[in-house]
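Have a look at the structure below before the remarks.
The values are calculated or read from the model by the stated rules, or taken from the named source; none is laboratory data. Note that this is a predicted model, so its numbers are computed, not measured. All Cβ positions, even for glycine, are placed from backbone atoms using ideal geometry, and neighbour counts span all protein chains on display.
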Amino acid sequence: MTLSQGRPYLAIPGPSVMPDAVLRAMHRASPNIYEGELLEMVDGMIPDLARVARIKGDVAIYISNGHGAWEAALANVIAPGERVLIPATGRFGHGWGEIAGALGIEVEMLDFGKRAPVDPDRLEAALRADTGRSIKAVLATHVDTSTSIRNDIAAMRKAIDAAGHPALLMADCIASLACDRFEMDAWGVDVMVAASQKGLMTPPGLGFVFFNDKAAQARAGMERVSRYWDWTVRARPEMFYQYFGGTAPTHHLYGLRAALDMIHEEGIERVWARHEMLARAIWAACTAWAQDGPLELNVADARNRSRAVTSLRIGAPHGTTLRQWVQDKAGVTLGIGLGMAEPGDPAWHGFFRMGHMGHVNAHMVQGMLGAVQAGLIALEIPHGPGGLEAAAAVMAEA
Ligand SMILES: *Cc1c(COP(=O)(O)O)cnc(C)c1O
């Protein structure tokens, strides 16, 4: 039999759970895109987005997913033939590098593997070695969604400065914005990319590029930027359509407005604190299960873990069978392992991820963990005792 009837829970690291308020806000007739309510709403949303990113600078909005935001950010400040340095801690650093390579940008990878964060000393050394100062930007991933490694972005800025290097610091916060603490201005980040479907709790389809004055100067020095990706007009439009380079993504904007209202009502500090405590509850459960049997948290040191996604190793075929069990029997969909083994390699079935970003609370997390524990028992996968109790003990601190 199955116990999956009821509200499903998509516990993958994006798209994330959509709040009813976001769904309701989108359920309406098409608005006028030439005057009235929609135009005022978008003007008012720009400062609210900047508040979430903790930036005084600008934001450009694109009708795109995260890959589009990656390309948009690069198109504005890096010309074909110029060089970027990418410290990678999983699939997503490589992904941004592939986009850069396809734009004709020269990419230097600094690979830190799949289980440890960026070592700022190695980054500093690589920048010092660039005596010709040809590296134009460092492309950092705040949270790598495949490995669930969280990198110390402020430490990367210190490394760049310690090397006396003029490179821009660009950060991918697609998986971390409104989940993990991020302070764009205070940490000295010049360009930041985000997308709507993770911590921002809105359907996939909006990409964001935030940038400061230093990045705007780099943009001004570019010989040519393709019209659609150019952030200059989007960030400071004279006509409404220029925000989006054409027709506005009307319903996404209503959804995003509702999501931003929820974030500001809770308060960004409390949003971060909630993600922190729910993540700790998940780690506590996983640590208890890991005492016996094959389950293992991918990132050993909690300081280097994302608060929005947790990557787990459990050995093939248990990752796949467990995911299938909790989906079929319990109505919870977990994330596939990404970037840990090639699809087609039997080892691919030994990984899975828990998404816990955005509209997630204690009972959802405890329900997801309970479903996983039921799956471990049903599939006779050995595991240590006390997982749910350990999670509850963390939640009891709230
Ligand atoms: C999800 C994600 C992306 C890609 O976003 P898409 O919307 O799938 O294009 C890039 N970087 C990180 C860190 C992500 O989590």
### Task
Would you check if there is a residue in the range 367-384 being in contact with a strand residue (DSSP E or B) (Cβ under 6 Å, 6 or more places away or on another chain) and outside the structural domain of Ala175 (by TED's automatic domain parsing)?
yes
### Residue among Glu82, Glu98, Glu71 that is surrounded by fewer than 16 Cβ atoms within 10 Å (Cβ to Cβ), closer than 28 Å to Leu206 by Cβ and outside the structural domain of Ala308 (by TED's automatic domain parsing)
Glu98
### Task
Identify, from the list Ala116, Ala167, Ala129, Ala162, the residue that is within 21 Å of Gly337 (Cα to Cα) and surrounded by fewer than 23 Cβ atoms within 10 Å (Cβ to Cβ).
Ala116
### Residues located in the range 169-200, provided they are hydrophobic (A, V, I, L, M, F, W, C) and either more than 14 Å from the ligand (Cβ to nearest atom) or over 19 Å from Met45 (Cβ atoms) (or both)
Leu169, Met170, Ala171, Ala175, Cys179, Met184, Ala186, Trp187, Val189, Val191
### Query
Can you tell me which residues in the range 43-68 are within 13 Å of the ligand (Cβ to nearest atom) and either assigned to a loop (DSSP other than H, G, I, E, B) or surrounded by fewer than 20 Cβ atoms within 10 Å (Cβ to Cβ) (or both)?
Ile63, Ser64, Asn65, His67
#### Entry: Filter result for the condition that a residue is farther than 18 Å from Ala72 by Cβ, basic (Lys, Arg) and not in a helix (DSSP H, G or I), over Arg181, Arg157, Arg128
Arg181
### Task
Would you please name the residue that is nearest to Pro203 (Cα to Cα), looking only at residues in the range 240-280 that are outside any helix (DSSP H, G or I) and of a type outside the set (Phe, Trp, Tyr)?
Pro249
#### Entry: Top-ranked residue of the range 84-95 - restricted to ones that are farther than 11 Å from Met109 by Cα and touching an Asp or Glu at 6+ places or on another chain (Cβ under 6 Å), ranked as farthest from the ligand (Cβ to nearest atom)
Gly90
### Message
Can you report the number of residues in the range 69-86 which are hydrophobic (A, V, I, L, M, F, W, C), under 18 Å from the mean Cα position of the chain (by Cα) and in a helix (DSSP H, G or I)?
### Response
5
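Matching residues to (1) out of contact with any Lys or Arg (no Cβ under 6 Å at 6 or more places or on another chain); (2) without any contact (Cβ under 8 Å) to a residue 60 or more places away in the chain; (3) more than 21 Å from Phe210 (Cα to Cα); (4) not assigned by TED's automatic domain parsing to the domain that holds His252:
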site: Ala21; (1), (2), (3), (4): yes, no, yes, yes
site: Met26; (1), (2), (3), (4): yes, no, yes, yes
site: Glu40; (1), (2), (3), (4): yes, yes, no, no
site: Asp48; (1), (2), (3), (4): yes, no, no, no
site: Gly66; (1), (2), (3), (4): yes, no, no, no
### Message
Suppose we filter the range 198-236 for residues that are on the phi < 0 side of the Ramachandran plot and in a loop (DSSP other than H, G, I, E, B); how many remain?
### Response
18
### Query
From Met184, Met239, Met192, which residue is modelled with pLDDT of 95 or more, more than 15 Å from Asp58 (Cβ to Cβ) and either surrounded by fewer than 17 Cβ atoms within 10 Å (Cβ to Cβ) or within 23 Å of the chain's Cα centre (by Cα) (or both)?
Met239
